[in-house]
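Notes to accompany the following structure.
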Amino acid sequence: MKGQKEALRRLPQVDRLLREPSLRQAAGRLGPAPLRALLRGALARLRRAIREEGIGGEELERRLEALPRNVAQEVEGRARSTLVPVLNATGVLVHTNLGRAPLSARALDRVREAAASYTNLEYDLEARRRGSRSSHLERTLGMLLPGAACHVVNNNAAAVALVIHALAAGREVVVSRGELIEIGGSFRIPEILEASGARLREVGTTNRTRLADYERAVGKQTALILKVHPSNYRVVGFTAEAGVRELAALARRRRIPLAVDQGSGLLVPLEEYGVKGEPTVEAYLRRGADLVTFSCDKLLGGPQAGMIAGKPSLIRRLSRDPLGRAFRVDKMTIAALDATLEPFLRGKAFEEIPILRQITRPAAELQQRAEALARAVREAPGARLDVVVEPSSARVGGGAAPTSVLPSWRVGLRPAPEARARSSGVARRGDASGTGGTSVTDLERALRLGQPRVIGILGRNRLWLDLRSVAPQDDARLLEALTRARRALGGCA
Ligand SMILES: *Cc1c(COP(=O)(O)O)cnc(C)c1O
């Protein structure tokens, strides 16, 4: 007990620590109040260690001495933003963990312009009265989807929830058992339905659902038929589903709306580039869907948003729903979306929308770039790497077109045998930078935490960098990141 009291007395005052030179500098990076909070936290941890683990003597002295340096390091970490650009070399083009679609240059300009000033976001300049946010998108979307009105919300999950809430709260929604899907990050159709206040009426079976199943289920309680595009899986083999055309006819006969959750936001067919089994938004509307919902940051190539397009009278009901207000998007999203939709009208989407450029790039071009990168890596200084180039299969990702394979090329890297032998001779595991040693996982880590950050795929004892998800203008930065990583790995050959 006495030792513990003495140990506690050894803990310095926050004010005294603030006079330490290393921390005086840190205060300039973070400001005095947050720095004090970090110091109080560090002292509290030390106090707990004294009370609970009984540390004292030399161990305590060691920790006291390290405290200012550790806090200064923590300050370095906190002073830097954790949201940073990364180079996506995974070969998955719409990668939800990596923020999905990058925006076009034009969209970026428009975001800047809208963000920096007042806009007529909800003001009708002609009529000198209140306007609607979604109206700015009807100019473009109305031409791409003739006769359709639209309503924009934060993401497609919100779009589906809003449709259900506005059209079917307190009543039944008919959905095929083959379409009760879950999409990454807890979007589950039955749960969205329940949360939106509607009751699920399941029809058919997992693999086969026919029109007759829907016909039997639709009754007085039915408010909506919902068809969901199974975006991230396929049922194969002995299967059957009711088509949108026949469902639309049934819905019309029974005077209820048909909504289709299309998901990917595909506006132009991509069959010839390998994206199969994804009907366009327009195709669903043409076949008679009253409303179609989709994400704007998947194959549309825009910002995160969810769009509902279709029958004007239904869209008006959505825009009056209180959830529509809760899910509304900001002016930057509208500006980015408007600028993303424009090139589809001008027939320039394949040239200007980054995600579509990546999908349509010829494989031969990717091969050339992969080989050029491999050559440059072999010639560059730094830890010796064993480099191979091989054809690969890129994917759309983001839950869209799961079975579609986009022909691609990739570079496979691993530390050359002599570099691995050298590092295994010297124990460098405790290296504070964490980049010591030269195994393939060290290489992966060095690139992942490097400058710029590069995300590849580990497999067959190599780190693979797929070029379909890397824009050609980023090839130089990819090489730069590799050169830096090799320097960090130490073996300057
Ligand atoms: C991606 C997707 C969703 C979820 O969209 P978010 O924009 O991520 O909310 C819902 N339904 C389908 C069919 C999808 O493909």
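The values are calculated or read from the model by the stated rules, or taken from the named source; none is laboratory data. This one's a predicted model, so the numbers in the text were calculated from it and none came from an experiment. Reconstructed Cβ throughout: ideal geometry from the backbone, glycine too, with neighbour counts over all protein chains shown.
So for the stretch 163-179 (the condition being in contact with a Lys or Arg (Cβ under 8 Å, 6 or more places away or on another chain), within 12 Å of the ligand (Cβ to nearest atom), β-branched (Val, Ile, Thr) and not in a helix (DSSP H, G or I)), does at least one residue qualify? No, the stretch 163-179 contains no residue that is in contact with a Lys or Arg (Cβ under 8 Å, 6 or more places away or on another chain), within 12 Å of the ligand (Cβ to nearest atom), β-branched (Val, Ile, Thr) and not in a helix (DSSP H, G or I). Residues in the stretch 108-118 that are free of Cβ contacts under 8 Å to residues at least 40 places away in the same chain and crowded, with 20+ Cβ neighbours inside 10 Å: none.
Within the stretch 111-148, restricting attention to residues that are among the charged types (D, E, K, R) and assigned to a helix (DSSP H, G or I), which residue is modelled with the lowest pLDDT?
Step one: filter the stretch 111-148 for residues among the charged types (D, E, K, R), giving 112-113, 122, 124, 126, 128-130, 133, 138-139.
Filter once more, so that each one left must be assigned to a helix (DSSP H, G or I): 112-113, 138-139.
Values: ARG112: 98, GLU113: 98, GLU138: 90, ARG139: 87.
Among those residues, the one meeting the criterion is ARG139.
Could you tell me whether any residue of the stretch 204-213 is within 14 Å of the ligand (Cβ to nearest atom), surrounded by fewer than 23 Cβ atoms within 10 Å (Cβ to Cβ) and hydrophobic (A, V, I, L, M, F, W, C)? The answer is no; no qualifying residue exists.
Note on the stretch 219-260: residues that are of a type in the set (A, V, I, L, M), part of a loop (DSSP other than H, G, I, E, B) and out of contact with any Asp or Glu (no Cβ under 8 Å at 6 or more places or on another chain) amount to 3. Scanning the stretch 420-477 for residues that are of a type in the set (Gly, Ala, Ser), at pLDDT below 80 and not in a loop (DSSP other than H, G, I, E, B) returns ALA421, SER423, SER424, GLY425.
Please pick out the residue among SER132, SER196 that is farther than 18 Å from LEU300 by Cβ, in contact with a His (Cβ under 8 Å, 6 or more places away or on another chain) and among the hydroxyl-bearing types (Ser, Thr, Tyr).
Numbers: SER132 fails: in contact with a His (Cβ under 8 Å, 6 or more places away or on another chain).
SER196 is the lone residue from the list that is farther than 18 Å from LEU300 by Cβ, in contact with a His (Cβ under 8 Å, 6 or more places away or on another chain) and among the hydroxyl-bearing types (Ser, Thr, Tyr).
Looking across the stretch 373-396, the residues that are under 29 Å from the mean Cα position of the chain (by Cα) and touching a residue at least 24 places away in the same chain (Cβ under 8 Å) come down to LEU373, ALA374, PRO391, SER392, SER393, ALA394, ARG395, VAL396. Applying the set (1) β-branched (Val, Ile, Thr); (2) out of contact with any strand residue (DSSP E or B) (no Cβ under 7 Å at 6 or more places or on another chain); (3) within 26 Å of LEU121 (Cβ to Cβ) to THR205 leaves exactly one unmet item: (3).
Among the conditions (1) more than 18 Å from the chain's Cα centre (by Cα); (2) assigned to a loop (DSSP other than H, G, I, E, B), GLN73 misses just one, which is (2).
Only residues that are touching a Gly at 6+ places or on another chain (Cβ under 8 Å) and under 14 Å from ARG453 (Cβ atoms) were counted across the stretch 78-113, and they come to 3.
Pairs are defined by a Cβ separation below 8 Å, a sequence spacing of at least 6 or placement on different chains, a first member in the stretch 220-240 that is closer than 24 Å to VAL405 by Cα and of a type in the set (Lys, Arg), and a second member that is modelled with pLDDT of 80 or more and in a loop (DSSP other than H, G, I, E, B); the pairs so defined are ARG234/GLY277. The residue that is farthest from GLY310 (Cα to Cα), counting only those in the stretch 187-201 that are within 11 Å of the ligand (Cβ to nearest atom) and touching a helix residue (DSSP H, G or I) at 6+ places or on another chain (Cβ under 9 Å), is PHE187.
Would you mind stating whether ALA401 is away from the ligand (no atom under 16 Å from the Cβ), within 20 Å of LEU98 (Cβ to Cβ) and buried (at least 24 other Cβ atoms within 10 Å of the Cβ)? Talk me through it step by step, then tell me what you get.
On the way: away from the ligand (no atom under 16 Å from the Cβ): no; within 20 Å of LEU98 (Cβ to Cβ): yes; buried (at least 24 other Cβ atoms within 10 Å of the Cβ): yes.
No; evaluated as a whole, the condition is false for this residue.
Restricting the search to helices (runs of 4 or more DSSP H) fully inside the stretch 264-331 and requiring at least 3 residues that are touching a residue at least 60 places away in the same chain (Cβ under 8 Å) and away from the ligand (no atom under 14 Å from the Cβ) gives 312-320. Residues considered: ALA149, ALA157, ALA198, ALA168. Of these, the only one that is closer than 16 Å to LEU318 by Cβ and either free of Cβ contacts under 8 Å to residues at least 40 places away in the same chain or acidic (Asp, Glu) (or both) is ALA198.
Looking at SER196, SER135, SER176, just one residue is crowded, with 22+ Cβ neighbours inside 10 Å and of a type outside the set (A, V, I, L, M, F, W, C), and that residue is SER176.
Looking at this structure, is ALA105 loosely packed, with under 13 Cβ neighbours inside 10 Å and over 30 Å from PRO391 (Cβ atoms)? Write out each step before concluding.
Working: loosely packed, with under 13 Cβ neighbours inside 10 Å: yes; over 30 Å from PRO391 (Cβ atoms): yes.
It is true that ALA105 is loosely packed, with under 13 Cβ neighbours inside 10 Å and over 30 Å from PRO391 (Cβ atoms).
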